[in-house]
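Read-outs: derived from the displayed coordinates by stated rules, not from any lab. All figures in this text were calculated on a predicted structure; none of them were measured in a lab. Neighbour counts are summed over all protein chains in view; Cβ atoms, including those assigned to glycine, are modelled from backbone coordinates with ideal geometry.
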Ligand SMILES: Cc1cc2nc3c(=O)[nH]c(=O)nc-3n(C[C@H](O)[C@H](O)[C@H](O)COP(=O)(O)O)c2cc1C
């Protein structure tokens, strides 16, 4: 039997992922001053022990006001590099590629943690509205977390572009193999793309080319500051969930991103307005896979699929259909940090626990014979 695609290596520029399973970026609100700490090492380290090909950190802010909450990781200051190095060393030592996602929250910053109840906590206690958020205009994202943004000037947009570049330089110094720009879920870059949130009439607004100008400049700045041999991803919302930006727009955008040197489009959806749980499409198994397929075919660029992908056979079917090149696992990895190893067993390619770290695998293989038949 030929090896499942999920367990074939994926080469991106000068970097090779040992398999196609990826831990999706997931914010944990456990950082102080944007630093990586013991929690992040253990939380993400267990996915490397679980043999994911690529392990993504949560979104790392490129400046303090670009955080979603005060507990987010950051790459806005050189003093943060050393803390990230400890994490990247461990992930790589266990055979995963170390990946990070850089972001600016824009008007969706300074919010409570997802599980806080602002109705019970006052806004300040919930970490809400601690700083002045910024956006393309003064339009807020809507209820329930709707701090009023201040409109960015063209000069300030130029400064933010530079900060994306500086964060990429720090990510390289910290030892990351892969960088992703968070351009989805209604955060700053997505706020500029959609005509619902971007009603500016300067060079950063107006038609689609104007609305794409800032995100494309940020992507160029990252590519310039990120080594040529390392791959760069971008996460997009293929549809914004508010009716302003659709798949055709995303395909046109992905073509421009490809020309800049983006290697993989991580294809998510929604999040522009209101609750981040507002549904752009009904959530069912693999609900965003059609977006990854449309971008892959429309822009002829590798894509990563994400969203309710639960097991090995489902992931393998997506790859076999040619709908995506990589499979991102979010909540299912929280449920099962050894998802990749279990997927290998489901797909019949690791019955002897050879893929496991030998300290576990040797014992599990012995135990196999003692299990009830
Ligand atoms: C706890 C949690 C935190 C998340 N944080 C981020 C994040 O930092 N950046 C991001 O792009 N998406 C984030 N997401 C979205 C996930 O990366 C993923 O796209 C989403 O959960 C759907 O995939 P799933 O069904 O496999 O969980 C987060 C999701 C969860 C559950």
**Request:** Using packing as a proxy for protection, rank 315-328, 26-39 so that the peptide with the highest average count of other Cβ atoms within 10 Å comes first.
**Result:** 315-328, 26-39
**For the chain, built as a Gaussian network whose Cα springs stay under 10 Å, the top-fluctuating residue of 354, 177, 249** = 354
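By DSSP, what percent of the beta bridges with both residues in the chain are antiparallel, rounded to the nearest 5? Walk me through the intermediate numbers first.
Values: 3 of 38 bridges.
Of the beta bridges lying entirely in the chain, close to 10 percent run antiparallel.
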**Message:** Quick check: Cα centre of the stretch 67-89 to Cα centre of the stretch 297-373, how many Å?
**Reply:** 29 Å
**Prompt:** Listing 117, 255, 163, 108 from the residue with the fewest other Cβ atoms within 10 Å to the one with the most, what is the order?
**Reply:** 117, 255, 163, 108
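Expressed as a fraction of 2.2 N^0.38 Å, the rule-of-thumb size for a compact globular protein of N residues, what is the C-alpha radius of gyration of the stretch 14-128?
1.12
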**Asked** Taking every pair of alpha-carbon atoms in the chain, what share in percent sits in each 20 Å bin, from 0 to the bin with the longest distance?
**Response** 30, 59, 11, 0
**Asked** What spacing in nm lies between the two simple spin-label points modelled at residue 285 and residue 199, each 7 Å away from Cα in the Cβ direction?
**Response** 4.4 nm
**Fill in**
Per the rule of 0.36 nm per residue minus the C-alpha distance, extending residue 28 to residue 366 adds in nm 118.0 nm
**Complete:** Taking 355, 12 and counting other beta carbon atoms within 10 angstrom, the fewest-first order is 355, 12
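Counting helices only, and only those DSSP H runs with n ≥ 4, report the 222 nm mean residue ellipticity of the chain as the sum of -39,500 (n - 2.57) divided by its residues, in deg cm²/dmol to the nearest 500.
On the way: 11 runs with 127 residues, N = 373.
Taking each H run of at least 4 residues, the total per residue is -10500 deg cm²/dmol.
Just round it to a whole percent: the fraction of Cα-Cα distances in the stretch 237-317 exceeding 17 Å.
Details: 1511 of 3240 pairs.
So the pairs more than 17 Å apart make up 47 percent of the total in the stretch 237-317.
Based on other C-beta atoms within 10 Å, arrange 43, 84, 342 from fewest to most.
Details: 43 19, 84 26, 342 15.
Placing the least packed residue first, the sequence is 342, 43, 84.
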**Complete:** Tilt, helix 38-49 to longest principal axis of the chain (alpha-carbon atoms), in degrees rounded to tens, equals 50 degrees
**Fill in**
Relative to the chain, whose Cα atoms define the longest principal axis, helix 247-260 and its Cα axis are tilted in degrees, nearest 10, by 80 degrees
**Message:** Given a 10 angstrom Cα cut-off, can you work out which residue in 245, 362, 226 is the most mobile in a GNM of the chain?
**Reply:** 362
**Fill in**
Computed curve, the stretch 131-252, Cα-only Debye sum without solvent term, log₁₀ I(q)/I(0) at 0.16 Å⁻¹, is -0.79
**Prompt:** Pick from 164, 291, 353: which residue has the top mean-square fluctuation in a GNM of the chain where Cα pairs under 10 Å get a spring?
**Reply:** 353
